[in-house]
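All remarks here apply to the structure that follows.
The values are calculated or read from the model by the stated rules, or taken from the named source; none is laboratory data. All figures in this text were calculated on a predicted structure; none of them were measured in a lab. Virtual Cβ from ideal backbone geometry, glycine too; neighbours counted across all protein chains shown.
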Amino acid sequence: MRSTPTAQAVLTLLAACMAAAPTVAQQKSAADGIAEYRAMLADGNPAELFEAKGEDLWKKKRGPKNASLEQCDLGKGPGVVKGAFVELPRYFADTSRVQDLESRLLTCMERLQGFDPVAISKTAFGQGEQLTMEGLTAWISAESRGLKFNLPQAHADERKTFELGKRAFFYRGGPYDFSCASCHGQPDKRIRLQDLPDLTKNPGNGIGFAAWPAYRVSSGEMWSMQRRLNDCFRQQRFPYPGYASDVTIALGVYMGVNAKGAESIAPALKR
Amino acid sequence: MTHKKTLFLAAAAAATVLIAGCAAMGPKPDYDTLVAQMMTGSFRDEGIAKVDRLQQDASNAACSQAQGGSPPEAVANAIQQAALKSVRMPADGKFIGDWREGEKLAQNGRGMTWTDKSAAPAANGGNCYNCHQITKAEISYGTIGPSLYQYGKNRGVTDADSPTAKPIIEYTWTKLWNAKAYNACSGMPRFGHAGLLDEKQLKDLMALILDPKSPVNQ
Amino acid sequence: MADPMRIRAQAAGDKATVRVLMAHEMETGQRKDAAGKSIPAWYIQEVTAQLNGKTVLTAQWGPSVAKNPFLQFNVKGAKAGDKIGVAWVDNKGDKRTDETTVS
């Protein structure tokens, strides 16, 4: 096998970092090494492959009703995709509820295309129509790349959901007594060598809420926000959160409102 | 004529503001009930992770309410005292196990998730490096908890079995068993109290940070 | 037929930089599924690139190349308007060809 030039350079870089003697400087160079590796990977994010699929799926006639999603209202009017991602979750009059991107896609796939949202919610990540969600969330978030988060809080239900999200964020439970705040409630902390954004505030452009959906190199998988939240709850030792369930939407409102003004880099690249 | 009209308009405007204000107020949502509904409605059982894990004891309920701050002093004290009472010292009076096993346990981040097959202590790791620096050699450590490097050395433990070391030995055991004995809203899991690790595993962790021969104390 | 590649080619001076993202599982053959059965090896074996129909790059790959591989290379003498084609063949005989115009 001949390595790609990029892979070869990465291997050399990592080898150089690991060869240094263990000192405080070693911590810096390991973290710096990882940051450099990520910068090199940033070009050629496999998320682009999912974006292409997603655009296709938005425009393709599918489902029992053989219709496309081009009339789907993501909050800025039917078919308006640009800018929609950075205003979600938000209240929708036609369903009388606050919905995040994936919940709203379920609504559109049901109403426009005739799919069964319960069946899609029950489908495991990485299979069946969940693959459709991977593509759609990648493309729809890409259409807001570089835009700043600006979730509406004008509707009483939007404000109520923010409050519920805050309480969910600080909800301690399970055998480890963890809440979201256990890891994401203070600045400048990390688990092992993984930096943790403080999600009670705006952690900055392209960080935290502003960095999902993302392609995870370690598993070669495209993770939507719902999948990210699912694995958070797993690591918290909580029971299993329903796909696009109320708690996931509430947390999205809390994090999204806190991230107001942060630039979205989704779909991003993660280790 | 104009003056009266202005007055009338001003009064009407004031009345509108008052009515709009009242409408915006409305009854304040009962968040306690709404949160309970949201949590029970949003989760399901999966593997060993059952929805009863959402039930909160006094400590978790109070610390959740505090939203990152501290509960009222009386509440915090009650939590700490109850936690202290819950601690079970080792039956054979021996606290220090094998630091080599302790290091393996500290490195192990598995256990208690819905992808873990068993909830038995034998299946669980200590997860320690996720939050703590421990040995010098391990650079992949977290910073959620304080560094434990040189833990025993810094506390003057030269002989773990000596009477002078007893207070720190018991403090450390208590902290591992139920960290909330000393801090009502501690971020550290209650390894003994919650049945996450058994006595032998805890003794091995004790050895890792308190045994003078452990690399932690070199 | 496999999913399309994403190819970008940008001219700068006397060469063009070509970046390719390929959609492929790149299964090593070493992994086992949940039931313990080996997942069969499935990976790109050969990659070729053409400038206006003439081959300028050939690569032999194996199972150690990552899933959804990214390839970047420079082509001397390529200029705006030229056609860049990239093709791959995998160990099952599956193939894919895509092309782009140098910008």
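Do the conditions hold for C:A2, that is, is it under 30 Å from A:G126 (Cβ atoms), assigned to a loop (DSSP other than H, G, I, E, B) and within 13 Å of the chain's Cα centre (by Cα)? Yes. Filtering region A:245-257 to residues that are surrounded by fewer than 23 Cβ atoms within 10 Å (Cβ to Cβ) and either without any contact (Cβ under 8 Å) to a residue 60 or more places away in the chain or touching an Asp or Glu at 6+ places or on another chain (Cβ under 7 Å) (or both) leaves only A:S245. When B:A122, B:A74, B:A62, B:A58 are checked against the criterion of being out of contact with any helix residue (DSSP H, G or I) (no Cβ under 7 Å at 6 or more places or on another chain) and more than 27 Å from A:L193 (Cα to Cα), a single residue qualifies: B:A74.
Within region B:115-129, being on the phi < 0 side of the Ramachandran plot and in a loop (DSSP other than H, G, I, E, B) holds for B:T115, B:D116, B:K117, B:S118, B:A119, B:A120, B:N124, B:G125, B:G126. Checking each residue of region C:57-68 against the condition of being closer than 16 Å to C:E99 by Cβ, surrounded by 14 or more Cβ atoms within 10 Å (Cβ to Cβ) and at pLDDT 95 or above gives at least one match. Taken over region A:222-267, the criterion of being outside any loop (DSSP other than H, G, I, E, B), within 30 Å of B:R190 (Cβ to Cβ) and aromatic (F, W, Y) is satisfied by A:F233, A:Y240, A:Y254. Per this entry, A:V253 is not counted among residues that are assigned by TED's automatic domain parsing to the domain that holds A:L193, among the hydrophobic types (A, V, I, L, M, F, W, C) and at pLDDT below 95. Within region C:50-103, the set of residues being in contact with a Pro (Cβ under 8 Å, 6 or more places away or on another chain) and farther than 24 Å from A:A52 by Cα comprises C:W61 only. For C:V20, the conditions (1) over 22 Å from A:A47 (Cβ atoms); (2) hydrophobic (A, V, I, L, M, F, W, C); (3) within 15 Å of the chain's Cα centre (by Cα) are fulfilled apart from (1). Is it the case, given these coordinates, that A:F233 is crowded, with 21+ Cβ neighbours inside 10 Å, in the same structural domain as A:L151 (by TED's automatic domain parsing), modelled with pLDDT of 95 or more and farther than 20 Å from A:F85 by Cα? When the stated conditions are applied, A:F233 passes them. Checked across region A:82-94, the condition of being among the β-branched types (V, I, T), under 12 Å from A:G63 (Cβ atoms) and either in the same structural domain as A:L57 (by TED's automatic domain parsing) or part of a helix (DSSP H, G or I) (or both) holds for no residue. When region C:1-49 is examined, which residues are found to be in contact (Cβ under 8 Å) with a residue 40 or more places away in the chain, loosely packed, with under 13 Cβ neighbours inside 10 Å and either polar (S, T, N, Q) or closer than 17 Å to C:K79 by Cβ (or both)? The one that is in contact (Cβ under 8 Å) with a residue 40 or more places away in the chain, loosely packed, with under 13 Cβ neighbours inside 10 Å and either polar (S, T, N, Q) or closer than 17 Å to C:K79 by Cβ (or both): C:D14.
Within region A:127-136, identify whether any single residue is within 18 Å of A:V247 (Cα to Cα), of a type in the set (A, V, I, L, M) and at pLDDT 95 or above, and answer yes or no. Spell out the reasoning first.
Step one: of region A:127-136, the residues within 18 Å of A:V247 (Cα to Cα) are none.
For region A:127-136, residues within 18 Å of A:V247 (Cα to Cα), of a type in the set (A, V, I, L, M) and at pLDDT 95 or above: absent.
Here A:R190 passes the criteria (1) surrounded by fewer than 23 Cβ atoms within 10 Å (Cβ to Cβ); (2) within 13 Å of another protein chain (Cβ to nearest Cβ); (3) in a helix (DSSP H, G or I) except the one numbered (3). Could you tell me whether A:F115 is closer than 30 Å to B:T115 by Cα, touching a Lys or Arg at 6+ places or on another chain (Cβ under 6 Å) and either in a loop (DSSP other than H, G, I, E, B) or hydroxyl-bearing (S, T, Y) (or both)? Answer is no for this residue. Checking each residue in region C:46-81 for being charged (D, E, K, R), closer than 28 Å to C:T28 by Cβ and in a loop (DSSP other than H, G, I, E, B) picks out only C:K67. Scanning region A:212-244 for residues that are within 14 Å of chain B (Cβ to nearest Cβ), without any contact (Cβ under 8 Å) to a residue 40 or more places away in the chain and within 15 Å of the chain's Cα centre (by Cα) yields A:L229, A:D231, A:F233.
The numbered conditions (1) in contact (Cβ under 8 Å) with a residue 24 or more places away in the chain; (2) more than 17 Å from the chain's Cα centre (by Cα); (3) crowded, with 17+ Cβ neighbours inside 10 Å are all true for B:N127 except (2).
For residues in region B:28-70 being touching a residue at least 60 places away in the same chain (Cβ under 8 Å) and assigned to a helix (DSSP H, G or I), which is nearest to the other protein chains (Cβ to nearest Cβ)? Among those that are touching a residue at least 60 places away in the same chain (Cβ under 8 Å) and assigned to a helix (DSSP H, G or I), it is B:C63.
Only residues that are of a type in the set (S, T, Y) and either more than 10 Å from every other protein chain (Cβ to nearest Cβ) or not in a loop (DSSP other than H, G, I, E, B) (or both): list them for region C:5-45, please. Spell out how you get there, then give the answer.
The first filter runs over region C:5-45 and keeps only residues of a type in the set (S, T, Y), leaving C:17, C:28, C:38, C:43.
Of everything in region C:5-45, those that are of a type in the set (S, T, Y) and either more than 10 Å from every other protein chain (Cβ to nearest Cβ) or not in a loop (DSSP other than H, G, I, E, B) (or both) turn out to be C:T17, C:T28, C:S38.
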